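Below you'll find the structure, written out as structure tokens, and then a few comments.
The values are calculated or read from the model by the stated rules, or taken from the named source; none is laboratory data. Keep in mind that this is a model prediction, so the values were computed, not measured. Here the Cβ positions follow ideal geometry from the backbone for every residue, glycine too, while neighbour counts run over all protein chains shown. Just so you know, the surface numbers come from the protein's heavy atoms only, side chains and all, with ligands and any DNA or RNA stripped out. Shrake-Rupley method; radii C 1.70, N 1.55, O 1.52, S 1.80 Å.
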Amino acid sequence: MVLYRQNLTASMAGPKRLKVRVTLLGFILASLAIAIVIITSRPPLSADVDHHRQLSLRSMITRLKDPKSVAEKDPHFWKYAYIIVNYHKSGHALSDVLVKHINSNLNQFGRPLKRMKVQPRGHFNSQTKCSEMSFAPGTITVIGGPELHCSTEQLRDILLSHPDPKRPKWGVKIIHLVRNPFTMSVSNYNYHRQDPTPEPFVHWKNPCDAGEVGSNKDTLKDLAAPLLSQPKVKIRVRGQLPLVQPIMKREDFKNIEDDCSSLYQTKPGMENATFYEHLRTLDPTEGLRMATADKMNNIVLMAVDLIKFKRVRELVKASNPNHINGDMEVKTISMDDFIHQPGRSMYQVYDFVFNDLLSEETKITRSKTYEQSYLQQRESHHEMNNHITYGKFGDTAALIEYLRGEPVFGPPLTKIEALLDEILYEESVGMERMIAHAFSHGH
């Protein structure tokens, strides 16, 4: 009799558990349906508030897909690693400003992100051809010109792996600060030819020395040429059909080195002149070429990183279509846009980093506050701040036009420009319209 009762109880437990599960599922679906009805039936408010509700609904759906997120005590924000990538004259100073703004907005949630440092050239792995890096969740790392010449799979593992399995890491978010290669080159020239010059290396460095990295003494030509000679970009020339061409070949690197050597310490009376004395004395077109040769490595690394980040993102997306764990997001932001439209650019940062952790109204308001502060600082400290070159030199536009037509620098810079424009366009589809609409509502 006892055995019969046990079997009867066990046979009844299955249907009961099934009934409970069905009831729970029905409750969840009903709650979701009610939320949708409430949102759609209310009178329309501003587009910003409506967009915020859509983000909140998206978060609700994400939690239903990933039950373990409900059990987490902390907001999902700290389960990501955050990276800001910059280059010389392309977000180097802005990166510190972004870290400050991101962490100041996290104070209301309890704690900031831990700031980490990486020395990309000092920690270069000569076997993998990538900088040795590790990105823990809850940290923010600023990297200037990372060396990312390893395979797509290796770079994915560097970005997404985490040595401590007890701390969940959902993924990585990268803010990639880039710049048009022509404006970047002229800004670099203007920056270093100032009196006094902001950086002392121009008093001792040979601008034509490409430099080496790692124990194998690899040059950037050795590391980057294999990649940049493969991708093809469409180059539009006035009056001609677009031509599909490689971005840079080994000959391009050599031509730049040879052009620099033809200018450095070759003119009468300048046989022992420093790099800085050349920048101050040479015709501006020649000084521009020398300065661009010196910092061409930053422009090349930017092109490499644009390609690498895109490939890793596509690899991660293919292997993880739901984007719940092991996610990788990249926001490519042009420094030219940050200079001319600082408020809209800062909004992109806020929206990318915080998503629905901050309301739309908060993101817009704080972006406009940043814009006002930036413009006031730029105007009031324009002459005193030697880091800001915008508007200080009257020949900037002419130098950009010269560089476009220069036979050594023009072709590779034009192709890198085309690559950058392609990436920016792919990421901005639909975003610009939303930002313009949000900023037109007077928040």
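Within region 245-259, residues that are not assigned by the TED database to the domain that holds Val304 have Cβ atoms under 8 Å from residues that are assigned to a helix (DSSP H, G or I) and of a type in the set (Lys, Arg) in these pairs: Gln245/Lys415; Pro246/Lys415; Ile247/Lys415; Met248/Lys415; Arg250/Lys221; Phe253/Lys221; Lys254/Lys221; Asp259/Arg289, counting only partners at least 6 apart in sequence or on another chain. For region 405-438, a tally of residues being modelled with pLDDT of 60 or more and open to solvent by 20 Å² or more (accessible area, probe 1.4 Å) returns 16. Would you confirm, using the coordinates I've provided, whether Leu220 is of a type outside the set (D, E, K, R), in the same structural domain as Glu329 (by the TED database) and either farther than 23 Å from Leu98 by Cα or surrounded by 14 or more Cβ atoms within 10 Å (Cβ to Cβ) (or both)? Answer is no for this residue.
Please go through region 69-115 and pick out each residue that is at pLDDT 85 or above and of a type in the set (D, E, K, R). Reasoning before the result, please.
Step one: filter region 69-115 for residues at pLDDT 85 or above, giving 78-106, 111-115.
Listed by number, the residues that qualify are Lys79, Lys89, Asp96, Lys100, Arg111, Lys114, Arg115.
Which condition breaks for Leu98 when tested against (1) surrounded by fewer than 19 Cβ atoms within 10 Å (Cβ to Cβ); (2) outside any loop (DSSP other than H, G, I, E, B)? Among (1) surrounded by fewer than 19 Cβ atoms within 10 Å (Cβ to Cβ); (2) outside any loop (DSSP other than H, G, I, E, B), Leu98 violates only (1). Remark: pairs (first residue in region 363-374, in a helix (DSSP H, G or I); second residue small (Gly, Ala, Ser); Cβ separation under 6 Å; 6+ apart in sequence or on different chains) = Ile364/Ala438; Ser367/Gly343; Lys368/Gly343; Glu371/Gly343. Pull up region 129-154, narrow it to residues that are of a type in the set (S, T, N, Q) and part of a loop (DSSP other than H, G, I, E, B), then point me to the one that is modelled with the highest pLDDT. Among those that are of a type in the set (S, T, N, Q) and part of a loop (DSSP other than H, G, I, E, B), it is Ser151.
Those residues that are open to solvent by 10 Å² or more (accessible area, probe 1.4 Å) and either outside any helix (DSSP H, G or I) or of a type in the set (A, V, I, L, M, F, W, C) (or both), I need them from region 335-362; list them, please. Write out each step before concluding.
Quick first cut of region 335-362, residues open to solvent by 10 Å² or more (accessible area, probe 1.4 Å) only: 335-337, 339-341, 344, 348, 351-352, 355-357, 359, 361-362.
Met335, Ile339, Gln341, Phe352, Leu357, Ser359, listed by residue number.
Lys308 meets each of the listed conditions (1) surrounded by fewer than 19 Cβ atoms within 10 Å (Cβ to Cβ); (2) modelled with pLDDT of 95 or more apart from (1). Screening Met116 on (1) outside any strand (DSSP E or B); (2) within 20 Å of the chain's Cα centre (by Cα); (3) over 18 Å from Glu329 (Cα atoms) shows it passes everything except condition (1).
Of all residues in region 191-236, those satisfying the criterion of being touching a strand residue (DSSP E or B) at 6+ places or on another chain (Cβ under 6 Å) and charged (D, E, K, R) are Lys232, Lys234. One residue alone among Leu241, Leu301 is in the same structural domain as His123 (by the TED database) and either at pLDDT 95 or above or part of a loop (DSSP other than H, G, I, E, B) (or both), and that residue is Leu301.
I'd like the residue in region 259-292 that is more than 32 Å from the chain's Cα centre (by Cα) and part of a helix (DSSP H, G or I) and, out of all such residues, is surrounded by the most Cβ atoms within 10 Å (Cβ to Cβ).
Start the filter on region 259-292 by keeping residues that are more than 32 Å from the chain's Cα centre (by Cα), which leaves 261-274, 277-278, 280-283.
So of that shortlist, the ones also part of a helix (DSSP H, G or I) come out as 261-263, 277-278, 280-281.
Numbers: Ser261: 16, Ser262: 13, Leu263: 19, Glu277: 14, His278: 22, Arg280: 16, Thr281: 14.
Among those residues, the one meeting the criterion is His278.
Quick grid of which residues meet (1) outside any helix (DSSP H, G or I); (2) open to solvent by less than 30 Å² (accessible area, probe 1.4 Å):
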{"position": "Arg156", "(1), (2)": "no, no"}
{"position": "His162", "(1), (2)": "yes, no"}
{"position": "Lys173", "(1), (2)": "yes, yes"}
{"position": "Thr183", "(1), (2)": "no, no"}
{"position": "Asp195", "(1), (2)": "yes, no"}
{"position": "Pro198", "(1), (2)": "yes, no"}
{"position": "Pro207", "(1), (2)": "yes, yes"}
{"position": "Ala210", "(1), (2)": "yes, no"}
